Amino acid sequence: MSDPVSLTDQPVQEASTTPPAPGRSRHLSDRLLTVAFISPALLLLLAMSVFPLLWALYLSFTDYSATRGGPATFVWFENFTAILTSAQVHLRAFTTLLYVVGAVTLQTVLGFSIAYLISRRVRGRGVLTTLFLVPMMLSPVVVGLFWRFMLDAQFGVINSMLGSIGLGQVEWLTKQNTALISLIVVDTWQWTPFIMLIALAGLTAVPKYLYEAASIDRASEWFRFRTITLPLVWPLLLIAVLFRAIEAFRLFDLVYILTSGGPGVSTETLSFHVYKVAFLGFNTGTASAYGILMVLIVIVLAQLYMRYLNKLKED
Amino acid sequence: MRYPKRIGLLATAVMLVATTVVACGGDEGASTSSPKAPADIPELTKDPLTLSFIWFDWPPAKALEAFANAEYTKERSNVTVKVNVVPNANWHDAMFTQFAARKTDFDIPILDSQHIGEAVTNGNILDITDFVKKNIDVNAYNPYLLAAYGQFPQAETGKRDENASLYGLPLLGDTWTMIYRKDLIGDTPPATWDEMIAAAQKCQTENPGVSGLAFHQANGSDAAAVTYNTVNGVYGGNLWDSKARKIEGVINDAAGQEAMDVLVNKMKPLTAAGSGNWFIDEVNAAVAQGKACIAFNWIAASGGLLDPEQSTLGKTREEILGKLGFATLPKQKTDLVPLGGMGMHVSAYSSPEKQAEALNFMKWFEQADIQKKWAAAGGVPARTDALSSPEFLNAGPFNKVYADSVSRMRDMWNVPEYARLIDIENTNVNAALNGAKDPKTALNDIAKEQQGVLDSAGKKGGGGL
């Protein structure tokens with residue numbers, strides 16, 4: 001048996017010079033063994049993720065249709081130009097922006113507030129945290145379906161409760177000014193726990209001695225929150241915001257179940273629109289370009305955001 | 001040692017090339033015209049075989065599976081019939097995504113009449129013209145029904161084109177019925193659209209908590225679009241000029257605008273608050289719970305209204321029928337009613353023995369005695385003799401409505417661009433009904449956007465936006 005210290009100190013290349021273990025073929029070096037073990041996962045990744053992405057990139061430059069078949073003719077950047085100049089796409093982009101900003105802001109405020117309150121509680125913290133996490137564990141389709149029933153203007157429990165306290169009926173899912181709000185509320189119900197969980201991890205990690213020092217200096221609660229809690233939790237919270245914003249940007253399932261994009265197209269998000277382009281007319285080339293553009297937007301925005309986070313860390 | 005790295009790179013490249021070849025290979029043999037079914041049914045297998053249909057989830061789908069397994073197996077004991085169902089909103093996608101993969105887990109797709117154009121153009125279903133000539137008595141049908149569920153190009157004038165090819169045979173006929181509360185508006189149904197609106201208004205005023213009207217308004221499937229198309233037809237409008245492929249200026253002409261005005265400004269105010277996303281089930285629920293004076297729904301979906309377990313209108317079927325009446329749609333400037341229902345088709349990607357079985361099933365299903373049995377089992381047949389048979393007319397109070405409506409039917413566009421045309425109409429009518437768009441703007445947008453879809457057929461790049 002080799003000395004463990006010398007093993008960890010050796011450069012990786014030299015590990016292959018170790019003689020094969022008894023029973024192993026002399027031709028099977030450590031490097032080959034590594035390749036053999038990694039290959040299945042790597043091939044799966046290539047086949048299921050990398051290849052479809054590259055294939056979609058190729059199709060995005062063509063007029064290919066999955067149902068019409070036939071050869072894909074190159075149209076170069078025509079799909080991209082059409083998407084970027086389409087008023088229909090601009091409308092969906094604006095709806096998506098409203099949704100992302102509304103949902104993520106609400107979830108961040110609520111998630112952090114709940115985490116802050118839970119972190120100050122000593123007894124029952126575990127049970128409370130687990131209970132708050134339940135919505136996050138449900139399928140968005142299931143969440144959409146039961147919220148659809150609850151928000152039904154005629155038969156839903158929400159309007160029934162409003163009626164019992166003397167308030168009028170609200171058309172939650174069929175009016176332009178309430179449908180998007182309903183989507184934001186449902187998404188917030190499901191995903192606030194995610195922000196709460198990350199914020200709670202950050203809050204728990206704040207060293208107690210900082211608060212003790214602040215107490216000795218007779219710092220107020222607000223001062224402690226502003227100068228100790230928030231600055232230390234902020235970077236972690238921003239990462240949670242990044243994850244949620246990316247998720248919200250590609251929202252599809254809740255829209256599909258709750259409003260079908262209606263009334264009219266007023267709650268159609270970009271993802272929902274891509275679905276229509278891809279499956280109603282089977283314009284696969286255009287849908288691929290649309291998808292690629294969405295991925296590019298997420299990558300660029302995420303990069304800018306990460307740079308800001310790194311700068312924050314350096315500061 | 002360098003070669004393991006090279007092996008890794010080589011493996012990656014091989015994998016990418018292989019997947020590319022596999023993916024590209026999917027298009028081999030892709031055809032843009034439908035393959036032909038043989039005129040004679042090939043020899044059928046004696047091995048156990050499951051014949052799979054695909055339809056959307058509604059009572060006729062369950063009725064078909066039960067009926068076929070009870071009756072068809074008397075002739076073909078080795079065959080099991082399975083009707084796979086998907087939610088209505090996914091119906092088109094569920095079929096056409098499989099068509100796109102050139103592999104289907106169904107043998108008989110039940111296509112809406114308007115889907116035929118897309119399926120034929122893409123070569124997804126068999127051309128059964130020769131099979132029909134040899135095996136089906138075409139004179140036993142109302143020509144328009146035979147054309148609507150199988151012919152492409154579409155029968156525009158309501159007459160079958162003898163020279164056009166056939167790609168399907170009728171499975172289930174359907175149209176809208178007017179469901180009215182006899183105990184609230186009287187035994188005689190309104191004869192005209194104006195009278196219907198007046199009766200609904202009066203009933204709503206006299207019965208707090210009960211809305212005057214209930215109809216399809218949702219923006220999924222073809223819900224809101226069929227509602228507008230129905231009112232458009234009744235008020236003398238047209239959906240398009242098929243020969244000139246012109247929609248702009250046709251659907252939004254004076255008659256079309258009047259129809260939209262009637263729908264949004266006269267009918268919508270008589271519906272329940274929040275009914276802007278109602279479709280088949282919601283309209284039935286409103287009727288069954290006694291919340292609507294007059295409702296419009298597809299006949300094939302109306303059977304549940306007579307089930308005392310689902311209704312608050314009575315404890316027995318007779319008691320419910322004492323309160324509910326079923327009538328043909330009121331007339332106004334014309335007597336047009338929407339054509340519903342679907343045909344059976346044969347997947348071009350099924351195995352030869354399953355295609356043979358599918359053809360045999362279709363031949364069996366279209367026989368006079370089987371059509372009558374199908375009617376008795378809850379189906380709506382298409383053969384004229386079955387439509388006038390006591391088995392059909394006595395099976396449900398709404399069946400006579402269908403029989404009386406056959407000569408009044410009008411369908412939508414049966415073109416490859418159907419899915420996009422219906423989406424444009426659905427979203428705009430839904431927007432108008434829910435106050436998200438002014439009715440006139442909504443109708444003009446429908447005309448402009450639909451015309452854009454027809455005009456951009458064949459355009460390279462950016463299609464589908």
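The values are calculated or read from the model by the stated rules, or taken from the named source; none is laboratory data. All values derive from a computational prediction rather than experimental measurement. Glycine also receives a Cβ, built like all others from the backbone with ideal geometry; neighbour counts cover every protein chain displayed.
Where helices (runs of 4 or more DSSP H) fall wholly inside region B:394-465, the ranges with 3 or more residues that are modelled with pLDDT of 95 or more and not assigned by TED's automatic domain parsing to the domain that holds residue B:326 are B:399-405. Report yes if residue A:87 is in contact (Cβ under 8 Å) with a residue 60 or more places away in the chain, closer than 30 Å to residue A:61 by Cα and not basic (Lys, Arg), otherwise no. Judged against the criteria, residue A:87 is not a match. Just to be sure before I move on: is residue B:311 out of contact with any strand residue (DSSP E or B) (no Cβ under 7 Å at 6 or more places or on another chain) and small (Gly, Ala, Ser) in the structure I sent? Taking the combined requirement at face value, the residue satisfies it. Against the criterion of being of a type in the set (Val, Ile, Thr) and in contact (Cβ under 8 Å) with a residue 24 or more places away in the chain, residue A:246 qualifies.
Under the condition of being aliphatic (A, V, I, L, M) and surrounded by fewer than 24 Cβ atoms within 10 Å (Cβ to Cβ), which residue from region A:271-286 is modelled with the highest pLDDT? The residue in question is A:278.
Going through region A:252-267 one residue at a time, which ones are touching a residue at least 60 places away in the same chain (Cβ under 8 Å), more than 7 Å from chain B (Cβ to nearest Cβ) and not polar (S, T, N, Q)? Result: A:253, A:254, A:255, A:256, A:257, A:258. A residue that is within 21 Å of residue B:419 (Cβ to Cβ), surrounded by 20 or more Cβ atoms within 10 Å (Cβ to Cβ) and under 19 Å from the mean Cα position of the chain (by Cα) occurs somewhere in region B:206-217.
Answer yes or no: is there a residue in region A:233-241 that is of a type in the set (Val, Ile, Thr), in contact with a Gly (Cβ under 9 Å, 6 or more places away or on another chain) and more than 14 Å from every other protein chain (Cβ to nearest Cβ). Yes, there is a match, as at least one residue in region A:233-241 is of a type in the set (Val, Ile, Thr), in contact with a Gly (Cβ under 9 Å, 6 or more places away or on another chain) and more than 14 Å from every other protein chain (Cβ to nearest Cβ). In the list A:289, A:213, A:245, which residue meets the criterion of being over 27 Å from residue B:454 (Cβ atoms) and surrounded by 17 or more Cβ atoms within 10 Å (Cβ to Cβ)? The conditions single out A:245. Candidates in region B:269-316 are the residues that are away from every other protein chain (no Cβ under 14 Å), small (Gly, Ala, Ser) and in a loop (DSSP other than H, G, I, E, B); of these, the one that is surrounded by the fewest Cβ atoms within 10 Å (Cβ to Cβ) is B:314.
The criterion of being in a helix (DSSP H, G or I), more than 13 Å from chain B (Cβ to nearest Cβ) and farther than 15 Å from residue A:116 by Cα does not hold for residue A:222.
Could you check region B:234-259 and list, in sequence order, the residues that are in contact (Cβ under 8 Å) with a residue 60 or more places away in the chain, surrounded by fewer than 22 Cβ atoms within 10 Å (Cβ to Cβ), aliphatic (A, V, I, L, M) and in a loop (DSSP other than H, G, I, E, B)? B:250, the sole residue that qualifies. If the condition is being in contact (Cβ under 8 Å) with a residue 40 or more places away in the chain and at the interface with another protein chain (Cβ under 8 Å from one of its Cβ atoms), then region A:71-84 contributes A:75, A:79, A:82, A:83. Residues of region A:31-70 that are facing chain B (nearest Cβ under 7 Å), part of a helix (DSSP H, G or I) and among the aliphatic types (A, V, I, L, M): A:32, A:35, A:43, A:46, A:47. Scanning region B:91-145 for residues that are basic (Lys, Arg) and either touching a Cys at 6+ places or on another chain (Cβ under 6 Å) or within 13 Å of another protein chain (Cβ to nearest Cβ) (or both) gives B:102, B:103.
Scanning region B:376-393 for residues that are part of a helix (DSSP H, G or I) and within 17 Å of residue B:343 (Cβ to Cβ) turns up B:384, B:386, B:387.
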